[in-house]
1. Quick check: pseudo-label points 7 Å beyond the Cα along Cα→Cβ at residue 452 and residue 10, how many nm apart are they?
2. Using mean Cβ contacts within 10 Å as the protection proxy, how do 546-552, 515-521 order, highest first?
3. Counting other beta carbons within 10 Å of each Cβ, put 572, 647, 356 in order, fewest first.
4. Say each of residue 38 and residue 385 gets a label point 7 Å from the Cα, pointing the same way as Cα to Cβ; how far apart are those two points in nm?
5. Roughly speaking, what % of Cα-Cα pairs in region 4-76 are separated by over 15 Å, rounded to a whole number?
6. Can you give the FRET efficiency to the nearest 0.05 for residue 159 and residue 73, using r as the Cβ-Cβ distance and R₀ = 60 Å?
7. Quick one: Cα centre-to-centre distance for region 489-528 and region 231-250, in angstrom?
8. Determine, at each q value in 0.10, 0.13, 0.18 (inverse angstroms), the log₁₀ of I(q)/I(0) that the Debye formula gives when each Cα of region 326-440 is one equal point scatterer.
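Rule-based calculations on the coordinates, nothing more; no lab input. As the structure is a prediction and not an experimental result, all values here were calculated from the model. Ideal geometry is used to build each Cβ from the backbone, glycine not excepted, and the neighbour counts take in all protein chains shown.
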C-alpha cells in the first residue's frame, strides 16, 4: 500500500542517488544493512524528515532515539516494497542469509583444524561415517562487520630470516626485490601487505580449499557453502587491490564449486574482466578413484581474470617460423592468354597448359599454397575474397584450372598474388599462393622471428598435465600428499601472464609449488601459508631450490640454483591459544588451557564468563573445544603494528625484528 510513510522513506532514500537503488528498484537489503549498522548519514536523513521522526523515534531524557528495529520490520513486511531487491529479485548473483554475497560486509576467518576431532580410539574410517561428521565447520568463523574492529590492521612481523646459499641469517631490513614467505592467516597477511604492495603484483595464482568435505590438506575443507563464498570474497577483494593494472588473477577449482566461484569472481572482479577458463586434466581417465563413483573426475578448472581488460596482454605461445609449406614455384610458360581489369586490378590470365606449378625444396623464396575458404573469404582485400567475388564465376569464360596473376596484391613484396580457379565445373573453391611476408623476411632468414599463437584452453586442446599431477608428489624434495600441483602447470601460467622480475603471489601457499617455480623462472614471489607442517615443507622446498633442485621444471629452464628468500611470521597473540586448544588431547590439558586463558587471553567482551565456567565441563570434549575457541576475541589473533611501541609489546620483540618492521612499513624498501 502506498502511504505517507512509504513516500517519505522513498524521498529520503532518493537523496542518496543510486546508493540504495539499482536502476529504478530499491535495494532493500542495503537499506536494512545500513539501518542495522546505524549508518550515521542514513539515520540523520530519516530523523530530518518530520513524518519519519514522528513515527519512528522516541524521546528519552531529551535525546531523540531512532527505532531502527521498527523501520527494519517495515521493510521486511510491507508489500509496498515487494518489487525491491529481495531474495526473490531479478538480480543474478550469489546470496547467503537473504543478502547478496557481493553486498555482504561479513568477514570469514579460517583456522587449521579438522571438522571431526580424532580420538585415540577412532580410525580414519570412522571419521568418514556420516553420523560422525559435524553439520557446520567450527573453526571457519564468520565475523559480522561490527565485530571486525582492528582485525584487518597490518600486523607485527617477527622471526625475520634470510635463506640463501650461504645459509640462514637474521635480517633487519627488506629489499624491494626480496622474495617473501609469510606464516600466518592469509586474510590478515594480505591486509598486512596491502599498503606496501597495492597495484604492484602481476600474477596471483591460488588453489583454495574446494569445499569438498575432504581433509587431506588439513584445511577445514568443508565449509558451509555461503560461508565458503564469503571466505573467498574477503580474500579476492583484497587480492584485486594488490594487482597491477595489467595484472592477472587465476583461481583453480574442481567441478563442485567452480560454477559458484565463477559467479562470485564476476561480481568481485567484474564480468568484463573475465578472460578465459583453462581446463586442466589432473588424472588419467582410466585411473579408478572408487568403484562407488558414478563419474570419473579427471578435470579441474582455472578461471582467469584481468585487473583492467584494456591493459591485459598475455604472452602468447611462440614458435619458430617454419618454411616447410613454402615449397612451390609457379612457372609462366609464355605470355598470358589475356589481360583484363577486374574490380580495378590488372589481372593476367593463364589458361591450363600455359603455366606449371612445381614442388621444390622449401626455402625463403618459395610459395605457400592456401585454400580460399571460410573466414579467409570474409577478410576484406584478401586473395580469398577476390577469388570468391570476382573469379569463381568466370569458369565458362576462362575455363577450368585457370591461373590468375592479380597485380598490386599481397604483402610478400612480389607485387602480385597467384590465384587458381576451380578444377571442376561443379566446384566453387580455389587456391592462392603467397610468399613469406616482406615485413618478417629478414627476421625469418636470421632466425630471430617467431610466430605467435593463441594460448590453448579447452576449445583448442587440453593442458594435459595428468602425468605431471600423478608424478608430482615428491617434486621439490617434499611429500605433501593429495592436492599438490605440478611445477609444469604453474610454469605455464607464470610464462603466459608474467615476465622476469614481476611479482607473483600465492596466498594458499601449500607445498610451495608456486614459490618454487617463480624462483626458478626469475620472478619475485610472495607465498602465504598458515599450516605449520606446510610452512616447514615450503621452506625446505625453497632451500632445495636455492641449492639447485633438479626436479620439476629445472631441466626445462636450466636451473642450477641460487637466489634467496625472506621468511617472516605474523606475531601471534590469541592464536597461540587456538593452537593449544587444537592440540589438547585430554580433559586435564584443556582445563589447564582454560585456566590460563582466564588470566592471559583476550576474551570476547560479550561472553558471560561465569556462565561458561558453570556449563563448560558438562559438554563433550569436542564441544568444550568449540566453546573455548568461540569465546576468544578473534580481533586479537595477532599483534597489530600500531602496538609495536607499546612498552609491554616492545619487550616481546627482538631489536632485529623491531628494525625489520620499521623498515618494512615506515621506510619502504631499499
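1. 5.3
2. In descending order of packing, they fall as 515-521, 546-552.
3. Values: 572 19, 647 6, 356 12.
Ordered by Cβ neighbours within 10 Å, fewest first: 647, 356, 572.
4. Distance between label points: 6.8 nm.
5. Roughly 51 percent, once rounded to a whole number.
6. On the way: r = 52 Å, r/R0 = 0.87.
The computed FRET efficiency comes out at 0.70.
7. Answer, in whole Å: 15.
8. Result of the Debye calculation: -0.26, -0.46, -0.91.
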